[in-house]
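See below for the structure under consideration.
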Amino acid sequence: MPHCSQATFSGGGLHTSDLADTGKVVRLQSAGKITVVGRTGTNTATYDFALARVKVASSLEERTYVETDVNHNVTSVSDTFGAVKERFVYDPYGAATVLTAAFGATSDSLSWVYRDQGLRYDSVSNSNDNRERVYLIGLGRSAQADQAGYIDGANRYQREGDAPTRSNDPTGLYDEDFHYYAVYFVLRAKGFSAKEAHAIAGYSQYNDDNDWTEPLFCGIEKRHRFHFASKDVTVPTQRDEPGARNNLKEQWKNYINSSISGATELLGAALHTYADTWSHEGFSAQYDPKVNKGDFPQIGHAGMDHIPDEPAQDPKKALDALKHIYDLTPDKEGEVYFTWEQIKDDVYDTFEQFCDSDLSHEEQVAQRVYEWKTLIRKYFGKDEISYNKDDFEPFKNKFEKALGKSPGPAPSTSILAAPFAAPSSPYQH
């Protein structure tokens, strides 16, 4: 996001000067509030997004700053010390939910009006001002007809084909290509052996495949715990959710120190849950019509089918998720080690691989898996690895018991003791 390094105010808050970057506009508001808004784009298309606000009252100056995502959605508002005052999460239709700094439900105490895509929000009409047209959030349509005419069909008032959950706006990630192959790649880059990386990444994906933890029919409590981490089942998850992050740190300690039984299984599940805070950002475990759009009650993003699980929808978001996982993964002395700077460009290119929309979801996943296998061979020689659910089914009871279920007797061995074909010496570049 462009940075506004300084703004000076005078005349009772009616004049501003010395904005560091060109192309900025200033919105004057009542009660001495001044909002500095960034503008980006071309001569034919410009986009606003909030940067900062100064409120002058009783000779006291209060400055607040915003953080945004790649789509210029305001995700949080902070004070001059960087402390978050409140957060915003959005459903695919632009409706905002206000959260505390600790991700608890609250109301907007700051009267912050620049929200979804940096658009100005009007609470009276529940709408976003999109310049040429006003978008009515509650109705999911524009208040004015499309000035371009009938270019998208017979309805000139529709937005995104009346199906924003099927477009690129509600992006997300993660099927087998991320939960297993991308995680495997990071573990190998950090020095873990192929066998260890296979076991940990395998349990990361198995969290979706095990019939006790799979997200569709496992129940609200487990769906919240393993797939939609947040303060409460009705609160949408946010990327890098503190509880999921702290749990991953704890499970890494347990694994490295071999301090508990089931450490590999717990670590794999923790990696999955943490990655899902990016994948399922803005969705909650328990159905809420304001959050979980679709016809499937009590199921996170079922109304959006697999769209939140496709990295190509938002490769920057996928890269951010894997970077956080890389940073939280401890270095392990091994046969190979790559810094994030050495791998990030290739990782981004892999996430960005186009998936043919004419293919089925299963065919698209297979296409993305092929790209990851190609990248793994590039960095680690002949690591001919593959994820197969059947490889982990013999350890089903051990996995479930580690995660808190009380099943029948667990197998005496573990996936790490199972036969594994060691890859050839890795190629380093």
Q: Scan region 70-94 residue by residue and report those that are part of a loop (DSSP other than H, G, I, E, B) and either outside the structural domain of Y121 (by TED's automatic domain parsing) or buried (at least 19 other Cβ atoms within 10 Å of the Cβ) (or both).
A: H72, N73, D91, P92, Y93, G94
Q: From the list R27, R53, pick out the single residue that is modelled with pLDDT under 75, in a strand (DSSP E or B) and more than 27 Å from the chain's Cα centre (by Cα).
A: R27
Q: Considering only region 306-341, state which residues are at pLDDT below 85 and assigned to a helix (DSSP H, G or I).
A: I307, P308, D309, P311, A312, Q313
Q: Only residues in region 361-379 that are touching a residue at least 24 places away in the same chain (Cβ under 8 Å) and buried (at least 18 other Cβ atoms within 10 Å of the Cβ) count as the first member; pair them with residues that are small (G, A, S) and assigned to a helix (DSSP H, G or I), Cβ under 9 angstrom, at least 6 apart or cross-chain, and list the lot.
A: Q364/A312; R368/A312; W372/A182; Y379/A189
Q) Hey, N247 hits all of (1) surrounded by 16 or more Cβ atoms within 10 Å (Cβ to Cβ); (2) at positive phi; (3) polar (S, T, N, Q) but one; which does it fall short on? A) (2)
Q: Take the residues in region 199-242 that are of a type in the set (G, A, S) and at pLDDT 90 or above, then tell me which one is surrounded by the most Cβ atoms within 10 Å (Cβ to Cβ).
A: S204
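Residue-by-condition table, conditions (1) touching a helix residue (DSSP H, G or I) at 6+ places or on another chain (Cβ under 8 Å); (2) among the aliphatic types (A, V, I, L, M); (3) without any contact (Cβ under 8 Å) to a residue 12 or more places away in the chain:
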position	(1), (2), (3)
V183	yes, yes, no
F192	yes, no, no
G202	yes, no, no
C218	yes, no, yes
Q | Search result, residues across region 234-289 that are touching a helix residue (DSSP H, G or I) at 6+ places or on another chain (Cβ under 7 Å), of a type in the set (V, I, T) and either under 18 Å from A101 (Cβ atoms) or not assigned by TED's automatic domain parsing to the domain that holds A201 (or both) | A | T237, T277
Q) Yes or no: G191 at pLDDT 85 or above, touching a Lys or Arg at 6+ places or on another chain (Cβ under 7 Å) and of a type in the set (G, A, S)? A) yes
Q: Output the number of residues of region 123-140 satisfying the condition of being at pLDDT 75 or above and over 24 Å from V98 (Cβ atoms).
A: 1
Q.
Among the residues that make up region 161-168, is at least one of them at pLDDT 70 or above and loosely packed, with under 15 Cβ neighbours inside 10 Å?
A. no
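The values are calculated or read from the model by the stated rules, or taken from the named source; none is laboratory data. Note that the structure is a prediction, hence the values are computed from the model and not measured. Please note: Cβ atoms are built from the backbone with ideal geometry, for glycine as well, and neighbour counts cover all protein chains shown.
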